[in-house]
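Let me begin by presenting the structure, written as structure tokens, before commenting on it.
The values are calculated or read from the model by the stated rules, or taken from the named source; none is laboratory data. Please read all numbers here as calculations on a predicted model, not as lab measurements. Heads up, the Cβs are rebuilt from the backbone with ideal geometry, glycines too, and the neighbour counts pull from every protein chain shown. Heavy atoms of the whole protein, side chains included, go into the accessibility calculation; ligands, DNA and RNA do not. Shrake-Rupley method; radii C 1.70, N 1.55, O 1.52, S 1.80 Å.
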Amino acid sequence: MPTSGSPGTAWPISQYVLKVHSRCDLACDHCYVYEHADQSWRGRPMVMDARTVAAVADRIAEHAATHRLRRVSVVLHGGEPLLLGPERMRQVLAALRRRIDPVSHLDLLMQSNGVRLSEPYCDLLAEYDVQVGISLDGDRAANDRHRRFANGAGSHRQVLRAIELLQTPTYRRLFAGILCTVDVRNDPIAVYEALRAVRPPRLDLLLPHATWANPPIRPAGRATPYADWLLAVHERWTADGRPMPIRLFDALRSTAAGGHSGSEWVGLDPADLVVVETDGTWEQVDSLKTAYDGAATTGLSVFTHTVDEVSRLPEIAVRQTGLAGLSAQCRACPVVTQCGGGLFAHRYREGTGFDNPSAYCADLKELIVSLSARRDVEPVPVTAPVDQDGTDLPDGLLDRIAAGRTDADAVRFLAESQLAITRAMLVEVADGMPVTERAGWEVLVRLDREAPGAVEETLRHPYVRVWAVDARRQLGTDSALTAQLCCVAAAAAVRAGATVEIDVPMRAGVLHLPSLGTLTVPEPVTGAAVLTVEPGRWRLRHKAGTTLVSFDGELYATAPQVTGGHWRANRRLAFAGRTILFEDLDPHRDCHDWKAAERPDASALARWGEVLSGAWSSIEAELPHQAAAVRIGLRAVVPLVDDPTGTLRSSTARQAFASVGVALADAPATAVMIAHEFQHSVLGALLDLCDLFTPSPAVRLTVGWRADPRPVEGVLQGTYAHLTITEMWRQRASREAPGGPAHQRHEQFRAWTADAADALLSSGALTPAGDRFVRRLAAALTP
Amino acid sequence: MNIVENEQVSMAERLSELRRRPLGEIPVARALDVTRTVMRHRDDAEGGVEVARFGSVA
């Protein structure tokens, strides 16, 4: 069974660090780029030119398309990326967005010293949705110990000014967090307090780069000074109630419970990232520069080599192998699953290369052991046991779903479960908001008593849960996002015909009411507005004036009269003897594998109507055992942008139950895509209730329909979707002469599905319920 | 209506309680328990690691 890191395997790479400028305006003496073993920066171009940026963007887009990567992240790095200047920066950002956005969700990030951050720069970063991380080592004394200009002056004042800019309401959403490099000569509490004072959304504490050849500074008589320093911070942070996430501590907490670290510094998660230098050369992770001159070199270039070719390099592949890639000493260590050998670069020793424990081995072990032993440490939240046998589900449900016989009762049960989960998430979000910002919650609670049907209908909208998942992650850091709870409440009030007055957040002149539509005002105002909802009319008072909307009877049935703005209602299309939502407005719909399309015009909408009507006819004829479930279960279709090459596109978002994303195609192809994606939605809802597999970052399985080895959940989802596609092609083959294309497609899907089921059953990753599920699935392949 | 306090109740039963109980009467602890359970494979989703820069969680 191929696993991650198998020789010759092209591992999907989702993170790219672009060295867009190779120089820095600071001269920090602890910088691994300029002050450590590797000096390759001296021979590089100062900036990444437009031709190189275009080539990088092409390579990333090509790789993302090949591997169907849902998201890729590009980190602008240096040197100091802000040295590019706004105009050149705009060209870089535009080129990346233009080429990669149509293929995959592009998360653009920047790591900066902040010195040159300005309002014009922030406007530009906001325009291209770039998240900014700032490097700050603590209070003035701590920061200016290393982070100095070439003339010796400290940078603390300039960095704080940059952070203040990022703290303003306009730019707050750009602020990604603070990176702090530890120096044990600094007072840990003073550093912690200084960092806490600037209210970063996230904080990470980094050990200064060191190797066995160039060991860490250790004050005399102290065996584990870095562990001691970090433990002091941890103690204060815990006593403070953990006011912001600290990535190193959160990673160790997660790995203590058997979870993922999500960090390259600790744990056994694979590291799927590569670096591009200013001259277009591919490099390994840049922290390797601390080891020896040329340590990060690959000898490959964006002009001559694909990402797949980079990914196949043994030195990249070894980063995917988890425990197997560690030294014998590490593999025998009792804390290895938490430590993971530490940062790869820190393992270097002349003679044995990277086949060693970390130069911080003693500190990491002490840190992990001490955290585990601390009685006052809040334990990792332990959730109630999750069903692994399928016995908690209604009788026969698991078997029916597994066999591709999801019926109306099964889909109703799943839909009710999903609604309950959304309700739980709303409670969590509301509880995490300041009391002064809970007006929307209070309205929703009241409406839930007085008009429960209206609330229920609103919360069943698939993208309310997508928002809630985002909001719970951003609690305390993005009040504009959590404030959208007011929009949910307002939508419920409209449905209920209730009278409420509520503060709602506007962004760029737009107010979206989930499941209903979007109100746009003439000026691009951002911030709070006051929405008064009464039966048949609304009034929105905002910074640029007042907008009035009035309508007779049902909102859906009429064209509202609007003064001082523009209302775009959600539209519905006929499907399966009823209508479903054609969701082309909700900002949270853009969570699919491909970018959501902009609102189509009337003629394109008519075409969509024809296609969906024809697709339903196919589903009804070709999936008689599941058509009722699709008819009852499917609530929304999100149009996706077309593939430039004409390839079919469809997608399911894990948190958007009962909604599918589809790019426009003909009716028979759309039927296959809807059936395929609805299967994913059903299985996703089932996985919320029952564990079918045990997640393991190291286990990857090969399947017929993808070039790259896939994680277990991906294979399970794909196999389950292909069960239905196999059935559709079997039905189509039955209507044509033997040997025709439908017969070939049927045989192909049947073989892929059977082989993937076998791979799952022999993976060792399935729970008893999962084993039963896959066996039922495999049995259903034989009519 | 009483929320079932027994932690051994099934997920389906816990959700059924959340579905029936008015929003304003759902105990936060019960809601958190359910969201943590549902997001158990999501909040620390498998895949790549996050590099020492700030950005999206893998």
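Below, the figures for the structure above:
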quantity: Counting all C-alpha pairs of chain A, share separated by more than 50 Å (%); calculated: 18
quantity: Chain A: relative contact order as a whole-number percent, Cα under 8 Å and 6+ apart; calculated: 12
quantity: Centroid-to-centroid separation of the stretch A:533-589 and the stretch A:381-456 [C-alpha atoms, Å]; calculated: 27
quantity: Area accessible to solvent at residue A:32, 1.4 Å probe radius, in Å²; calculated: 40
quantity: Net charge, residue A:292 excluded, C-beta distance under 12 Å - Lys, Arg +1, Asp, Glu -1; calculated: -1
quantity: Cα coordinate range in the stretch A:101-165, projected on the principal axes (Å, largest first); calculated: 46, 21, 20
quantity: DSSP-defined antiparallel bridges as percent of all bridges, the stretch A:15-373, nearest 5; calculated: 20
quantity: Percent antiparallel among DSSP beta bridges (both partners in the stretch A:578-780, rounded to 5); calculated: 50
quantity: Pairwise centroid distance, computed over Cα atoms, of the stretch A:700-715 with the stretch A:326-346, Å; calculated: 27
quantity: Under 13 Å from residue A:365, Cα to Cα: aspartates and glutamates that are on another chain or at least 8 residues apart; calculated: A:228
quantity: Simple Cβ-charge dipole of the protein assembly as shown, Lys/Arg +1 and Asp/Glu -1, about Cα centre, in debye nearest 20; calculated: 580
quantity: Tilt relative to chain A, helix A:50-66 - C-alpha long axis, 0 to 90 degrees, to 10; calculated: 50
quantity: The stretch A:654-701, accessible surface, carbon-and-sulfur percent (1.4 angstrom probe); calculated: 67
quantity: Computed helical MRE - 222 nm, chain A, DSSP H runs ≥ 4 contributing -39500 (n - 2.57), nearest 500; calculated: -12500 deg cm²/dmol
quantity: Rg ratio (alpha-carbon, reference 2.2 N^0.38 Å) - the stretch A:15-373; calculated: 0.96
quantity: Those lysines that a straight Cα-Cα span of less than 20 Å connects to residue A:289, excepting residues fewer than 8 apart in one chain; calculated: A:19
quantity: Solvent-accessible ranking of A:543, A:365, largest area first, probe 1.4 Å; calculated: A:543, A:365
quantity: The stretch A:655-759 shape via C-alpha gyration tensor axes, a/c threshold 1.5; calculated: oblate
quantity: Exposure of residue A:441 as accessible area (Å², to 10), given a probe of 1.4 Å and all protein chains; calculated: 30
quantity: DSSP-defined beta bridges in the protein assembly as shown - what % are antiparallel, rounded to 5; calculated: 55
quantity: The stretch A:433-569: Cα Rg divided by the 2.2 N^0.38 Å rule of thumb; calculated: 0.98
quantity: Residue-count net charge about residue A:723 - beta-carbon cut-off 12 Å; Lys, Arg +1, Asp, Glu -1; calculated: +3
quantity: Charge tally in the Cβ shell below 15 Å around residue A:342, where Lys, Arg are +1 and Asp, Glu are -1, residue A:342 excluded; calculated: 0
quantity: Residue (of A:602, A:390, A:408) at the positive-pole extreme of the protein assembly as shown, dipole from beta-carbon charges; calculated: A:602
quantity: Cα long-axis angle, helix A:667-689 against chain A (0 to 90 degrees, to the nearest 10); calculated: 60
quantity: Prolate/oblate/rounded call for the stretch A:491-597, Cα gyration tensor, a/c under 1.5 rounded; calculated: oblate
quantity: Positive-end residue, chain A charge dipole about Cα centroid, Cβ charges, pick of A:530, A:336, A:655; calculated: A:530
quantity: Cα centroid separation, the stretch A:297-318 to the stretch A:221-267 (Å); calculated: 33
